[in-house]
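What follows is one structure encoded as structure tokens, with my remarks underneath.
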Amino acid sequence: MIRFEQVSVTYEGARAPALRDADFTVPEGELTLLVGPSGVGKSTLLGAVSGLVPHFTGGRLRGRVTVAGRDTRTHRPRELADVVGTVGQDPSAHFVTDVVEDELAYGMESLGLPPAVMRRRVEETLDLLGLNELRDRPLATLSGGQRQRVAIGSVLTPHPRVLVLDEPTSALDPGAAEEVLAVLQRLVHDLGTTVLMAEHRLERVVQYADRVLLLAAPGAAPVLGSPAEIMAVSPVHPPVVSLGRLAGWSPLPLSVRNARRLSPTLLTRLPPTPPATCPTPAPPAFEARGAGRSPAQPGAAGAARATAPHRTFWSRLRRTPAPATTPATDPAPLPAQVTHLTLRRARAEILRDITLTVTAGETVALMGRNGAGKSTLLATLAGTLAPTTGKVLVGGRTPHRTPPPEMIRRVALVPQDPRDLLYADTVAAECAAADADAGAAPGTCRALVTSLLPGVPDDTHPRDLSEGQRLVLALALVLTGGPALVLLDEPTRGLDYAAKARLVEILRALAADGHAIVLATHDVELAAELAHRVVILAGGEVVADGPTAEVVVSSPAFAPQVAKVLAPAHWLTVSQVASALSPHPEDHPA
Amino acid sequence: MTPLARGPRTVTTHAAAPGHQAPAGGGPGGAGEGSRVPAYDKRGLRGAPEARRGNALHAGAWWVWALGLATGASRTTNPLLLGLIVAVAGYVVAVRRTAAPWARSYGAFLRLGLVVIGLRLVFSTLLGSPVPGAHTLVTLPEVALPAWAQGIRLGGRVSAEQLVFAFYDGAKLAALLVCVGAANALANPARLLKSLPAALYEAGVAVVVAMTFAPNMVADVARLRTARRLRGRPTGGVKAVLQIGLPVLEGALERSVAVAASMDARGYGRTAQVPAAVRRTTSALTLGGLLGMCAGTYGLLAAQGAVFGLPVLLLGLALALAGLRLGGRRSLRTRYRPDRWGGRAWLVAGSGAAVAALLAYAAVTDPEGLRPGVVPLVAPALPLWPAAAILIGLLPALVAPVPPKEASSL
């Protein structure tokens, strides 16, 4: 269906080709997953299928790419529009119109399909993707998962034979990602669509793949093979594969289900309970039943920390025996203390009655679906949003009333897109500005950058850094003021496994230094690696708050793969299992 | 189809116009709300149906209606009639607008109208006026201007007549603006573009994309200002604007490149081959037609040109339409669910046209009533039948489909 013959792509001004010696055939009617570390040319390869590379991006393509028999050299992207549907990384950048129904019809209008056909296909696609309730909604009001589904729908309506997707689930919460993947699988199984998709979060997608196309390193030729074959050699692989490699399972399991079948042998080699992950024994996790409706409750788990001075009307009604302890009156102010925080925007309550305390040295993961209020809570802690009612104290100060120069000595927030924090042309200029902003001694920031991001020269333009490097640079900039509280919003979006491992190391070191860290994330594996405590938000309320192992193991959506494989034992990460198996003591997470 | 579904006024004509369904007709647009009125409920059958995609009033009908009111307003300087026109437009907007962002433009145009009246008064006070007046209100110090500026006066006597004349004149312009504002508030601009001829489609897309960019850029500015705070910098001031400006423009550029790539990959710009002669004829027809339309419109709106205005306008329109039709041959595009021009659209557009025609007639037969004199200074009277004619403009408030509550604020 898609045929690459000795394809190399070199962009203008680049020294080395972005893609080299690609020679493979993607079979029809299968879901092919494109994997590889960042910067190996995955997006280039996808762009070459739709003809956007090189017609739109420029550069030089050698060799030949044919899609359904059409050569992309002689066919411009618009002439391939009826056979290839492309969805990029950011669905909102894909939208041309403003309403769901019009967006679905746009591609067909361009192709000149008769109105009756368009009408029928729009209705079919609305049903296929479960979008009927949203048909009249403006695109700007949709959530991330809904947008992704609309973007997929908008390229499906012309009935393309090939669908090309670049990281379709990386911005989505686990539930929404499942939704999108279910749709893709349905397309492959029921309609025979050929799907080629790149994704970093392999734990989400690898079990759906029929074939895997591996780009192992920059300049390496792509290798196509069955998922098990490729995963055995791939430098990027999901935790379940690491666990399988560690345990020496063969054939290598790719799904949790297969791994569970093999797990009894491993469990016999492991101690019955994992080594204690928390320095202090924590009480069992609080979990609200019927999430979304139950009122916010300070988690019983955090009872020692999460204080409940006056309990809410609802909690009294439910007679929850939450121990009401008085707040600890230690001399140093807590990094963050939130009491009965409610935040309204127009009529909508984004956050409702949140009570949360973060102590020094603690790492807290905020989880929950898109739009649950995670980013808003972080913004309130950083002082960029003012609470409607309730109290927020960060390092003893009220964030939104404290002038920014003082606030950055107490709290650091890295937003979803770290580029928002970068203004200067060079790393050195950014560092000098950060020193000046924070009133720190000149060189403070540069020293931080050097320790967190070794080997980046002063004159590098921040835009030329990779996603992971840019994130760490932004982190170093906001750490210059020496804040006790570090907030990160979706730090692993777009990061490959290597960059993620590096980030985990950095954050662990920060926590060991006594920094309190709060991460808002959809990445369950990251939460399992790092967090001491997980707080789950739903509809702006806290529905669960407790030690990571307790909260995530029982949850189908938020459990990491290792926990799913080895449940009901509380193992969370591969490194935990590895250290329990190997005789020499290794620093395990949390 | 269902004549009962319409008000008694509409029973006589266009009963079988397509695109009109009874409220509970269960059209394909139905999202399945459970609260819909059943078909046999009499209350549901009277009044206009709830607006949905399928029965939405053609955006062009709103524009014809609003331009009709505007033409009517241009025929009179009677402040009572002008006020009535503004009130009629305001009432229709109030009962038929959606929660969409553009629907708030009526208020903005109203304020703009007040500014226009204010400016007109200020200029009249400062620059004087040829209107003779016996009632001197105040005498401003007069600035002596050099000989080459003869005929221009700065300061001097300000008479009540002159101010009243300026007010009437300003009110006329304000009423025109408010009518345009009403059309803006009622007609979905994206849908209006859908109704454009195929040849104009590409220009239309540029406008639509630009419209979605403005809110995105506003969001970018807000996000980057927040980010400045995270670096410990003040969010206001010239420096902040300069530092934010570049990333915002960069973001807008990146987004436009992404949209362009997406449009290209989705088949935008696929065209059919047409002979060169056809292309040239198209250009000539379109250009000539547009020129004719401009001249004709000017004639209609100017006080003396009504005689030649209409024929020239119609000729220009015909030429332009022919040009556009020919130009449409190049485009392969089809349209998904364009707004249909049904009975209700005829009624809405007709009511505006009626107001225009009746006021134009009144301006000829009753010039004193429509243009109250200022010398001598008299209170304007309300001419009865032109006022009644303006009230025809209220028809859309009865026949246009009612927008659902919270239509786009979900």
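When the helix-only estimate is applied to the protein assembly as shown (DSSP H runs of n ≥ 4, each -39,500 (n - 2.57), divided by the residue count), what is the mean residue ellipticity at 222 nm, nearest 500 deg cm²/dmol?
So the helix-based figure for the protein assembly as shown works out to -13500 deg cm²/dmol.
Give me the angle, in degrees from 0 to 90, between the Cα long axis of helix A:467-479 and the longest principal axis of the Cα atoms of chain A, rounded to the nearest 10.
Roughly 20 degrees, rounded to the nearest 10.
Output needed: percent of Cα pairs per 10 Å distance bin for the stretch B:197-269, bins running from 0 to the one holding the longest distance.
Distribution as computed: 17, 39, 23, 14, 6, 0 percent.
What's the angle, to the nearest 10 degrees (0 to 90), between helix A:115-128's Cα axis and the longest principal axis of chain A?
40
Protein chains only, probe 1.4 Å: how do A:Leu479, A:Leu191, B:Leu200 rank by accessible area, largest first?
Ranked list, largest accessible area first: A:Leu191, B:Leu200, A:Leu479.
Relative contact order for chain A: what is it in percent, counting Cα pairs under 8 Å that are at least 6 residues apart?
14
Taking R0 as 22 Å, what FRET efficiency do you get between A:Arg257 and A:Gln185 from their Cβ-Cβ distance, rounded to the nearest 0.05?
With a Förster radius of 22 Å, E is 0.90.
Based on DSSP loop calls and a cut-off of at most 14 other Cβ atoms within 10 Å, the longest stretch of chain A free of exposed GluC sites (Glu not before Pro) is what?
In short, A:29-585.
If the convex hull of the alpha-carbon atoms of chain B is projected onto planes in all directions, what is the mean projected area in square nanometres?
That works out to 29.4 nm².
So what is the diffusion coefficient of the stretch B:233-307 in µm² per second by Stokes-Einstein at 25 °C and 0.890 mPa s, using a Kirkwood Rh over Cα pairs?
This corresponds to a translational diffusion coefficient of 136 µm²/s.
Over chain B, what relative contact order in percent results from Cα pairs under 8 Å that are six or more residues apart?
After rounding, I find 29 percent.
Compute the longest continuous run of chain B that contains no exposed GluC sites (Glu not before Pro); treat a site as exposed when its DSSP state is not H, G, I, E or B and it has at most 13 other Cβ atoms within 10 Å.
Here the longest segment lacking exposed loop sites spans B:34-405.
Based on alpha-carbon positions alone, could you give the equivalent ellipsoid semi-axes of the stretch B:271-337 from the gyration tensor, as √(5λ), descending, whole Å?
Semi-axes, largest first: 30, 13, 7 Å.
Determine the alpha carbon to alpha carbon distance for each of A:Lys391/A:Lys500; A:Lys500/A:Lys564; A:Lys374/A:Lys564 and list only those over 28 Å.
Too far apart for the 28 Å limit: A:Lys391/A:Lys500.
What angle do you read, to the nearest 10 degrees and between 0 and 90, between the alpha-carbon axis of helix A:427-438 and the longest principal axis of chain A?
With rounding to tens, the tilt is 30 degrees.
Can you give the average number of partner chain beta-carbon atoms within 10 Å of each beta-carbon in peptide A:408-414, as a whole number?
Average neighbour count from other chains, rounded to a whole number: 2.
Report, in cubic angstrom per residue, the convex hull volume of the C-alpha atoms of the protein assembly as shown.
Spread over its residues, the Cα hull of the protein assembly as shown gives 241 Å³ apiece.
Which residues in the stretch A:413-435 have a backbone N closer than 18 Å to a point placed 7 Å from the Cα of B:Leu246 along the Cα-to-Cβ line?
A:418-435
Anyone know which of B:Val238, B:Val93, B:Val164 comes out most mobile in the 10 Å Cα GNM of chain B?
Of B:Val238, B:Val93, B:Val164, the Gaussian network model singles out B:Val238 as fluctuating most.
Between A:Ala348 and B:Leu114, take the C-beta separation as r, use R0 = 25 Å, and let me know the FRET efficiency to the nearest 0.05.
0.15
Which FRET efficiency value, to the nearest 0.05, do you get for A:Ala428 and B:Val218 by plugging their Cβ-Cβ distance into 1/(1 + (r/R0)^6) with R0 = 45 Å?
Result of the calculation: an efficiency of 0.85.
Which residue, B:Val143, B:Val92, B:Val208, has the most motion in a Gaussian network model of chain B that connects Cα atoms within less than 10 Å?
Of B:Val143, B:Val92, B:Val208, the Gaussian network model singles out B:Val143 as fluctuating most.
Computed on protein heavy atoms with a 1.4 Å probe, what is the summed buried accessible area for the chain pair B and A, in Å² to the nearest 100?
Using a 1.4 Å probe, the pair buries roughly 4800 Å².
GNM, chain B, Cα, under 10 Å: largest mean-square fluctuation among B:Gly133, B:Gly316, B:Gly269?
Most flexible of the set in this elastic network: B:Gly269.
Report the label-to-label distance for B:Ala160 and B:Leu377 in nanometres (one decimal), using points 7 Å from each Cα along the Cα→Cβ vector.
Label at B:Ala160, label at B:Leu377, 0.3 nm between them.
Hand me the trypsin sites (Lys or Arg not before Pro) from the stretch A:172-220 located in a DSSP loop with no more than 16 other Cβ atoms within 10 Å, in residue order please.
Of the trypsin sites (Lys or Arg not before Pro), not one in the loops of the stretch A:172-220 has a Cβ with at most 16 other Cβ atoms within 10 Å.
With θ set to phi - 60° and the Karplus curve 6.51 cos²θ - 1.76 cosθ + 1.60, what are the ³J(HN,Hα) couplings of the stretch B:90-106 in order, to the nearest whole Hz, using x for Gly and Pro?
Taking θ as phi minus 60°, the curve returns x, 5, 4, 4, 4, 8, 10, 8, 9, 8, 5, x, 5, 5, 8, 6, 4 Hz for the stretch B:90-106.
For the stretch B:264-291, state which residues have at least 10 Å² less accessible area in the presence of all protein chains than in their chain by itself, taking the probe as 1.4 Å and leaving out ligands, DNA and RNA.
In the stretch B:264-291, residues shielded by partner chains: B:Asp264, B:Ala265, B:Arg266, B:Gly267, B:Tyr268, B:Gly269, B:Arg270.
Leaving out ligands, DNA and RNA, and with a 1.4 Å probe, what % of the accessible surface on the stretch B:204-345 is carbon or sulfur?
Roughly 71 percent, rounded to a whole number.
Obtain the nm distance between the two label points defined at A:Ala116 and B:Val138 by a simple spin-label model: each point lies 7 Å from its Cα along the Cα-to-C-beta direction.
Each label point is offset 7 Å from its Cα along the Cβ direction, giving 7.3 nm.
Checking buried surface per residue: for the stretch A:72-105, which residues lose a minimum of 20 Å² accessible area in the protein assembly relative to the chain alone (1.4 Å probe)?
Checking the loss per residue gives A:Pro77, A:Arg78, A:Ala81, A:Ala93, A:His94, A:Val96, A:Asp98, A:Glu101, A:Asp102.
Amide H to amide H, which residues 5 or more places from A:Leu31 or on other chains are under 5 Å from it, using H placed in the peptide plane?
Here A:Val195, A:Asp210, A:Arg211 satisfy the definition.
Once label points are set 7 Å from the Cα along Cα→Cβ at both B:Val122 and B:Ala203, what is their separation, rounded to one decimal in nm?
3.4
Calculate, for the protein assembly as shown, the solvent-accessible area per residue in square angstrom, rolling a 1.4 angstrom probe over the heavy atoms of the protein chains.
44
Ordering B:Tyr201, B:Tyr336 from largest to smallest accessible area (1.4 angstrom probe), what's the sequence?
Heavy-atom accessible area, descending, gives B:Tyr201, B:Tyr336.
With unit charges on the beta carbon (Lys/Arg positive, Asp/Glu negative), name the residue among B:Leu242, B:Gly170, A:Tyr497 whose Cα is farthest towards the positive pole of the charge dipole of the protein assembly as shown.
B:Gly170
Could you tell me what a quarter of the Cα convex hull surface of the stretch A:441-553 works out to, in nm² with one decimal place?
8.1
Carbon-plus-sulfur fraction of the accessible area of chain A, 1.4 Å probe, in percent?
53
Could you give the semi-axes, largest first, of the ellipsoid that matches chain A, computed as the square roots of 5 times the alpha carbon gyration tensor eigenvalues and rounded to whole Å?
Calculated on Cα positions only, the semi-axes equal 40, 27, 27 Å.
The values are calculated or read from the model by the stated rules, or taken from the named source; none is laboratory data. Note that this is a predicted model, so its numbers are computed, not measured. Methodologically, a virtual Cβ is constructed for each residue, glycine included, from the backbone with ideal geometry; neighbour enumeration extends over all protein chains shown. Areas reflect the complete protein model, heavy atoms only, side chains present, ligands, DNA and RNA absent. Shrake-Rupley method; radii C 1.70, N 1.55, O 1.52, S 1.80 Å.
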